[in-house]
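First comes the structure, then the notes that go with it.
The values are calculated or read from the model by the stated rules, or taken from the named source; none is laboratory data. This structure is a prediction, so every number in the text was calculated from the model and none was measured. Because the Cβ atoms are built from the backbone with ideal geometry, glycine has one as well, and the counts that use them run over all protein chains shown.
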Amino acid sequence: MPGTAPFSPGAPVDGAAAAAGPRAGRGLRIEQVSKWFDRPDDDPLQALQPIDLNIDAGAFVALIGPSGCGKSTLLNIVAGFEPATRGSVLVDAQRVRGPHISRGMVFQQYALFPWLDVRENIGFGLRNSGAPTSERERRVDHYLRLIGLEGFGAARPAALSGGMKQRVALARAFATDPDIILMDEPFGALDALTRGFLQQELLRIWREHRKTVLLVTHSVQEALFLATRVIVFTRRPGRVKLDLGIELEQPRRISEPGFRELEARILEALHEELLPAAQAGAAGIGTD
Ligand SMILES: Nc1ncnc2c1ncn2[C@@H]1O[C@H](COP(=O)(O)OP(=O)(O)OP(=O)(O)O)[C@@H](O)[C@H]1O
Ligand SMILES: [Mg+2]
């Protein structure tokens, strides 16, 4: 880490021997995962067709697709919040059976606890980790600094701007040193300036910690600025339509060779899926 961080952010939270640095991300296998939702007065709704994805440790994968195609559903299944109807999710050959602090989630709407202050929100996942209080406090301090909110530790979420809340949500997701970070449109509600800043922050943290990241986004450019792999879904019931490795150097610029071509390929795939939905007045997909 840059600066003089007093602890290794990757040190085990159970108080075991100190690790040399942050734990690198772990690989993820999504095997034949499909999902139907039961509905009280209707036939079950199929949100996902069988999905097969092999995601390398340390990959930064962007998921993009039409509204309602099952992106959040897939993220929730990987997080363990929602069971798959069929198929399984494996993290290093271990089957996901429920939520675990090794998989951190950043929700679209921040999902901070309004009754807790910023410090308590960041430290929430560490409460049951078995780490001594001093270690938990050091870790919270570290992430407060990392997100530039040192002066706001005692503030409640209601006293923060949207961008500040989302920074706290990012810090909370990283504070438990998860192997896999799941992000559901984390920057969608932010202004362009804050979004750009937080994207850079996320890239920096990802580069330093080498976590495995799954990011749902509606923005093709966001996907191309950040990801090492972009996966485009069909409309519901979603399945993988396009799976592109992105080998552009960081930092990426729209003007660099290859960016626009990749953007055009992704947009073309999306537009094929959006046409009927667009006619029905569904939400579109932007390029910014
Ligand atoms: N708990 C639920 N019960 C019933 N249907 C659900 C449930 N959760 C999601 N669905 C349905 O599953 C489909 C996929 O929803 P999901 O939230 O995964 O879409 P999404 O791709 O994340 O869309 P968006 O881009 O708008 O966030 C939708 O048709 C939605 O209505
Ligand atoms: Mg969603």
Would you please name the residue that is farthest from ligand 2 (Cβ to nearest atom), looking only at residues in the stretch 86-96 that are modelled with pLDDT under 95 and part of a loop (DSSP other than H, G, I, E, B)?
Ala93
Counting just the residues of the stretch 30-48 that are among the polar types (S, T, N, Q) and surrounded by fewer than 19 Cβ atoms within 10 Å (Cβ to Cβ), which one comes out nearest to ligand 1 (Cβ to nearest atom)?
Gln46
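Identify the residue in the stretch 53-62 that is more than 14 Å from ligand 2 (Cβ to nearest atom) and part of a strand (DSSP E or B) and, among all such residues, is surrounded by the fewest Cβ atoms within 10 Å (Cβ to Cβ).
Step one: list which residues in the stretch 53-62 are more than 14 Å from ligand 2 (Cβ to nearest atom), which gives 53-61.
Among the residues that remain, those that are also part of a strand (DSSP E or B) are: 53-55, 60-61.
Working: Leu53: 19, Asn54: 11, Ile55: 22, Phe60: 24, Val61: 22.
Out of the qualifying residues, it is Asn54.
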Output yes when any residue across the stretch 62-70 is within 23 Å of Trp36 (Cα to Cα), of a type in the set (S, T, N, Q), touching a residue at least 12 places away in the same chain (Cβ under 8 Å) and out of contact with any Leu (no Cβ under 8 Å at 6 or more places or on another chain), and no when none is.
yes
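Results for (1) assigned to a helix (DSSP H, G or I); (2) in contact with a strand residue (DSSP E or B) (Cβ under 8 Å, 6 or more places away or on another chain); (3) at pLDDT 95 or above, shown as yes or no for each residue.
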{"site": "Gly148", "(1), (2), (3)": "no, no, no"}
{"site": "Ala158", "(1), (2), (3)": "yes, no, yes"}
{"site": "Arg167", "(1), (2), (3)": "yes, no, no"}
{"site": "Leu170", "(1), (2), (3)": "yes, yes, no"}
{"site": "Phe174", "(1), (2), (3)": "yes, yes, no"}
{"site": "Asp177", "(1), (2), (3)": "no, no, no"}
{"site": "Leu182", "(1), (2), (3)": "no, yes, yes"}
{"site": "Pro186", "(1), (2), (3)": "no, yes, no"}
{"site": "Ala189", "(1), (2), (3)": "no, no, no"}
The lone exception for Leu215 - which of (1) modelled with pLDDT under 90; (2) within 16 Å of ligand 1 (Cβ to nearest atom) it fails:
(1)
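Could you tell me which residue of the stretch 193-216 is nearest to ligand 2 (Cβ to nearest atom), considering only residues that are of a type in the set (Val, Ile, Thr) and assigned to a strand (DSSP E or B)? Step through it out loud before you land on a result.
Narrowing the stretch 193-216 to residues of a type in the set (Val, Ile, Thr): 194, 205, 212-213, 216.
The next check asks that each one be assigned to a strand (DSSP E or B); those that pass are 212-213, 216.
Numbers: Thr212: 20, Val213: 17, Val216: 6 Å.
Taking the candidates together, the pick is Val216.
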For the stretch 63-85, name all the residues that are within 8 Å of ligand 2 (Cβ to nearest atom) and buried (at least 24 other Cβ atoms within 10 Å of the Cβ).
Lys71
Please give the number of the condition Leu226 fails out of (1) surrounded by 17 or more Cβ atoms within 10 Å (Cβ to Cβ); (2) away from ligand 2 (no atom under 16 Å from the Cβ); (3) more than 15 Å from the chain's Cα centre (by Cα).
(3)
Being near ligand 1 (Cβ under 8 Å from one of its atoms) and touching a helix residue (DSSP H, G or I) at 6+ places or on another chain (Cβ under 6 Å) is the filter here; which residues of the stretch 49-77 pass it?
Gly65, Pro66
Residues being of a type outside the set (Asp, Glu) and assigned to a helix (DSSP H, G or I): count how many of those fall in the stretch 111-132.
7
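In the stretch 137-150, which residue that is surrounded by fewer than 19 Cβ atoms within 10 Å (Cβ to Cβ) and in contact with a helix residue (DSSP H, G or I) (Cβ under 9 Å, 6 or more places away or on another chain) is farthest from Leu198 (Cα to Cα)? Reasoning before the result, please.
Taking the stretch 137-150 and keeping what is surrounded by fewer than 19 Cβ atoms within 10 Å (Cβ to Cβ), we get 137-138, 141, 145, 148, 150.
Those left that are additionally in contact with a helix residue (DSSP H, G or I) (Cβ under 9 Å, 6 or more places away or on another chain): 137, 141, 148, 150.
Values: Glu137: 24, Asp141: 19, Gly148: 11, Glu150: 17 Å.
Per the criteria, the residue is Glu137.
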Would you confirm whether or not the stretch 82-91 contains a residue that is within 16 Å of ligand 1 (Cβ to nearest atom), within 21 Å of Ile231 (Cα to Cα) and of a type in the set (Gly, Ala, Ser)?
yes
Sort out which residues of the stretch 217-248 are among the polar types (S, T, N, Q) and assigned to a loop (DSSP other than H, G, I, E, B), and write them in order of number.
Thr217, Thr228, Thr234
